[in-house]
1. Which residues, counting only those in the range B:59-81, are among the aliphatic types (A, V, I, L, M) and either free of Cβ contacts under 8 Å to residues at least 24 places away in the same chain or touching an Asp or Glu at 6+ places or on another chain (Cβ under 8 Å) (or both)?
2. Hey, can you tell me all the residues within the range B:1-29 that are assigned to a loop (DSSP other than H, G, I, E, B), surrounded by 14 or more Cβ atoms within 10 Å (Cβ to Cβ) and free of Cβ contacts under 8 Å to residues at least 60 places away in the same chain?
3. Go through (1) assigned to a helix (DSSP H, G or I); (2) away from DNA strand C (no atom under 16 Å from the Cβ); (3) open to solvent by less than 70 Å² (accessible area, probe 1.4 Å); (4) among the hydrophobic types (A, V, I, L, M, F, W, C) for A:V66 and report which single condition fails.
4. Could you list, in sequence order, all residues of the range A:161-174 that are within 13 Å of B:F136 (Cα to Cα) and open to solvent by less than 30 Å² (accessible area, probe 1.4 Å)?
5. Only one of these is farther than 20 Å from B:L198 by Cα, of a type in the set (G, A, S) and either open to solvent by less than 60 Å² (accessible area, probe 1.4 Å) or away from DNA strand D (no atom under 16 Å from the Cβ) (or both): B:A97, B:A84. Name it.
6. Within the range A:30-53, is there a residue that is open to solvent by less than 20 Å² (accessible area, probe 1.4 Å) and more than 16 Å from DNA strand D (Cβ to nearest atom)?
Protein chains: 2
Amino acid sequence: MPRPRSLTEDRIADAALAVLDRDGTDGLKMRAVAAELGMGTMSLYRYVSGRERLEGLVVDRMLAAVDTGTGELERWTDRVLALAERVRWVVQAHPAAVPLLLGRRHSAPASLRWGEAVLEVLAEAGFGPRHRAFAFRAILGQVMGALQAEHFGPLIGEGTEALAALPRESHPYLAETAAAARGLTAEEEFRRCVGLLLEALDREAREDREGADGSRPGTRGR
Amino acid sequence: MPRPRSLTEDRIADAALAVLDRDGTDGLKMRAVAAELGMGTMSLYRYVSGRERLEGLVVDRMLAAVDTGTGELERWTDRVLALAERVRWVVQAHPAAVPLLLGRRHSAPASLRWGEAVLEVLAEAGFGPRHRAFAFRAILGQVMGALQAEHFGPLIGEGTEALAALPRESHPYLAETAAAARGLTAEEEFRRCVGLLLEALDREAREDREGADGSRPGTRGR
DNA sequence: TCACGTAGGAGTATCGCGTACGCCAACGAA
DNA sequence: TTCGTTGGCGTACGCGATACTCCTACGTGA
């Protein structure tokens, strides 16, 4: 047993996150991470097979920090909302990692854990397997879409000003809407977008449960 | 007026799309696009300032192909759904361009045109500026999220199998849900996810219009 | 028809990044 | 202490983006 390993994957992921926070998305380079860890570039390859793997570690590290316990909450919609918001918080802390998250979420173990937690809540709320699949996709889509929009999109933050300044002639609605959106925070937007979706799912589920009368056939999860 | 320009930005974007379709996301290189156009690498720089700009052209080209007319449809929800689906179709035709779309949508003029069309429908449906901003964000989030999930995510397509094969012990719900999702097409998923959101927005709008009684204050767009 | 000027086309070179290879040192066990 | 294994690292190569510069082709005005 000659010589213990001096680095863990978590330490590496933390270093990468530090680099991301400091130098931005484009600043994430193998050299930079190695320097952050105080070692030569190639030493890093003893622990990480390559850049792909490094990015995967970062994403997993972020998602692993998300607490998936929701025991304290009553309504299932509140539970899922909490799960969604916790993802958002973690992501908020490292905005430069958003592109990585969007692209590598599917291969992160912690992402599976989160998905499992959401599906568990859905199952307890009475969603059958098929309806659950659909609901999960909608939720995941809204969460990822909101994060994507929040970080790349223009409707919140400085982009709002740019849009509001558009010529009224070519883009009257965008200009007006952007102006009206000035006061909104991303936090509030996220909450309402996801919340609205969850309410809709809840209504659907209740209708399914109460009146199993087959009205609007084919619209629900069977 | 010596010598006309021999390339248009559209031709360049088309060439880039051809390269994307053939060589994938990572295959989009300045060299490749120049070769596709039958010229030397550096000649391309006469027309395009750099790679960033090239990617922007590609995104704009795709979105410009989206028809934004919805005169033939009655319900506002159907109009927005049609606009959303048309984006999806265009993207379907060039899957390798999805990462570009997600990252550069905000800076594409054609994206503004699309957004303007959506907002116009929302305005005609009776959404006030503030509520419209929120609805737009929700719709945009769901559309982009669905596209993102469809192309990176595992719940539809081959990924479904991988998830369904997960050990029941560690991820019982994911495994079961993925198995149940086997028959679903991405098309149907997209339609239902966006449709559900639109129905929810429609219900909200109707409640606002009919009973302007201020129940559940602060939940709606004011 | 011809000569001239502007803009296009392309070669070369540089820079930065990921990473394969191989050397040496450090640490643990015998 | 000595040997075997593993960690740390310097060097070097391949590749992609792009600045600089020269040569060429086309269109125009005479």
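The values are calculated or read from the model by the stated rules, or taken from the named source; none is laboratory data. Keep in mind that what you see is a predicted model, and the values were worked out from it rather than measured. A quick note on method: Cβ atoms are made from the backbone with ideal geometry, for glycine too, and the neighbour counts reach across all protein chains shown. Calculation scope for accessible area: heavy atoms of the full protein, side chains included, ligands and nucleic acids excluded. Shrake-Rupley method; radii C 1.70, N 1.55, O 1.52, S 1.80 Å.
1. Filtering the range B:59-81 for residues among the aliphatic types (A, V, I, L, M) gives B:59, B:62-66, B:73, B:80-81.
The one that is among the aliphatic types (A, V, I, L, M) and either free of Cβ contacts under 8 Å to residues at least 24 places away in the same chain or touching an Asp or Glu at 6+ places or on another chain (Cβ under 8 Å) (or both): B:L73.
2. Going residue by residue through the range B:1-29, those that are assigned to a loop (DSSP other than H, G, I, E, B) are B:1-8, B:24, B:28-29.
Among the residues that remain, those that are also surrounded by 14 or more Cβ atoms within 10 Å (Cβ to Cβ) are: B:7, B:28-29.
Hits for the range B:1-29 are B:L7, B:K29.
3. (1)
4. We begin by selecting, within the range A:161-174, every residue within 13 Å of B:F136 (Cα to Cα); these are A:173-174.
Matches in the range A:161-174: A:L174 only.
5. Details: B:A84 fails: farther than 20 Å from B:L198 by Cα.
None of the others qualify; the one that does is B:A97.
6. no
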